[in-house]
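Only one structure is covered here, and it is reproduced in the block below.
The values are calculated or read from the model by the stated rules, or taken from the named source; none is laboratory data. Please read all numbers here as calculations on a predicted model, not as lab measurements. For neighbour counting, all protein chains shown are included, and Cβ atoms are generated from backbone atoms with ideal geometry for every residue, glycine included. The accessibility values were calculated without ligands, DNA or RNA, using every heavy atom of the protein model including side chains. Shrake-Rupley method; radii C 1.70, N 1.55, O 1.52, S 1.80 Å.
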Amino acid sequence: MDIFEIILGSYESFVIGVKCRFKSQQSKELELVQSFNDHVHQASIRSVSCSSKYMVSSSTDETIEVYNMVKRCHVHTILQHSGTVTSLAFTPDESHLISTSDDGSIAMFETGTWKLKKLWDKAHKGSAVSFLAVHPSGKLALSVGKDKTLRTWNLVKGRPAYTTNQSSMSSYYFFDNIIWSPDGQYYGLPLNTKLMIFNVETAGIAFTIEDSYKIHGVTFIAEHLVCYGSENGSLHCYDIINKESIWEIKIGDTRVKCLIKVDNRLVTALSDGHVTVWELNGSKKPVESCSLFLDCRITCICNNSLRKSKMVKDESEEEPEVKNDIIVGVNIPNKTQIIKRKLPINGVPNKQLKPSIKKKKSIPNNWKVSENV
């Protein structure tokens with residue numbers, strides 16, 4: 001029985017699905033198994049994002065690939081940007097997809113038709129846009145760029161609201177990530193060895209965490225509890241209100257590249273390919289539940305668990321037809337790119353792994369496909 005599925009992007013340009021499931025109907029023991037892998041991108045993956053029906057991935061190859069995760073197939077390619085697509089985010093109501101790019105633009109697409117609805121071509125005065133995160137309410141979004149500013153966007157009116165200059169915080173490093181708390185009261189900005197937590201109501205810094213190593217993956221496991229992974233393979237949890245460390249554990253020897261909270265579990269991914277599920281128990285140290293080694297370098301992660309409140313009613317529903325004459329500002333891929341291509345299922349992968357993934361002699365590179373897709 002499947003519990004949830006996560007999507008991972010890799011430096012070797014693979015998009016990988018991993019499912020967490022019970023080993024048997026009688027057992028409560030969990031296991032991680034690979035559900036699919038796809039090599040549609042031509043360069044390293046920079047971002048992955050999921051709605052209840054679609055999964056999208058972006059890469060340094062300047063493309064956005066769209067997958068229908070109900071039918072488990074690739075359905076479309078978006079060629080809007082002329083630079084690396086640095087981040088992807090669905091709005092909470094899943095009506096739109098927002099992308100950012102090194103070309104300095106922020107683009108908003110209509111989900112399903114993938115028509116370009118809004119384009120800010122110089123969102124950060126022409127500088128590269130590093131990341132964008134949508135507030136849980138869906139009414140606003142925050143973006144950071146290499147112009148060292150934090151910009152707030154009014155998504156209701158579709159225009160920028162205000163700009164905060166962050167250049168005084170660092171003369172060398174740039175912000176490249178934004179993390180919202182579950183209710184949107186706080187947001188976090190990691191900057192090298194610091195993690196700054198801001199309070200939305202006061203518009204000021206609520207708490208600053210300083211580490212001896214560079215901070216990478218960050219996620220909120222509760223409204224007042226923030227968890228992050230560092231360069232040395234350590235996992236930390238802090239209480240924002242009491243401004244104190246709750247727990248710290250060593251989970252590996254390489255950087256904790258990304259984290260994500262799924263229900264009452266925490267999923268960690270090390271840059272060397274180790275993926276681990278941890279059972280959360282309030283403010284106590286998490287307990288390791290199961291793990292899987294993927295012989296690749298992980299770059300990003302998202303949760304593909306279909307939300308029960310937004311389950312697709314008719315799985316036989318056809319994809320909206322995308323016509324060349326209704327797309328504004330979007331380059332339509334050639335026919336071979338928009339053909340619906342099934343993801344690997346039933347143990348028969350569409351593509352074999354390329355030699356670009358370096359195998360380790362001690363651990364064989366056995367890519368398996370889950371039988372319960």
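The table for this structure:
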{"quantity": "Ranked order, Y187, Y228, Y11 - accessible area, probe 1.4 Å, largest first", "calculated": "Y11, Y187, Y228"}
{"quantity": "Exceeding the 32 Å Cα-Cα cut-off - candidates K19/K157; K117/K146; K139/K250; K115/K214; K28/K139; K194/K285", "calculated": "K19/K157; K139/K250; K115/K214; K28/K139"}
{"quantity": "Sequence of W153, W120 when ordered by accessible area, the most exposed leading, probe 1.4 angstrom", "calculated": "W120, W153"}
{"quantity": "Hz values of 3J(HN,Hα) by residue in region 266-275 - Karplus curve (6.51, -1.76, 1.60), Gly and Pro given as x", "calculated": "10, 10, 10, 10, 7, 5, 8, x, 7, 10"}
{"quantity": "Computed accessible area, D295, all protein chains, 1.4 angstrom probe, square angstrom", "calculated": "10"}
{"quantity": "Ranking by accessible area, most exposed first, for M108, M1 with a 1.4 Å probe", "calculated": "M1, M108"}
{"quantity": "Region 138-205: Rg to Rh, with Rh as the Kirkwood radius over Cα pairs", "calculated": "0.95"}
{"quantity": "Residues whose placed amide H lies under 5 Å from that of H76, excluding near-sequence neighbours", "calculated": "V66"}
{"quantity": "Long-range amide H partners of G252 with built H, under 5 Å", "calculated": "none"}
{"quantity": "³J(HN,Hα), Karplus 6.51/-1.76/1.60, whole Hz, each residue of region 48-57, x for Gly, Pro", "calculated": "9, 8, 10, 10, 6, 10, 10, 10, 10, 9"}
{"quantity": "Cα-based convex hull, region 1-148, per residue volume (Å³, whole number)", "calculated": "124"}
{"quantity": "Scattering curve values for region 72-120, log₁₀ I(q)/I(0), Debye with Cα scatterers, q = 0.19, 0.26, 0.31 Å⁻¹", "calculated": "-0.60, -1.05, -1.27"}
{"quantity": "Amide H contacts of T193 (H built 1.01 Å from N, under 5 Å, at least 5 apart or other chain)", "calculated": "I215"}
{"quantity": "Cα gyration tensor, region 39-94 - rounded (a/c under 1.5), prolate or oblate", "calculated": "oblate"}
{"quantity": "Region 223-266: mean projected area of Cα convex hull, nm²", "calculated": "3.3"}
{"quantity": "Cα gyration tensor of region 96-251 - equivalent ellipsoid semi-axes, whole Å, descending", "calculated": "28, 17, 15"}
{"quantity": "Interatomic Cα distance distribution for region 1-86, bins of 10 angstrom, percent", "calculated": "17, 45, 25, 10, 3, 0"}
{"quantity": "Estimated distance in nm for a label pair at Y162 and R72, the labels positioned 7 Å out from Cα along Cα-to-Cβ", "calculated": "5.0"}
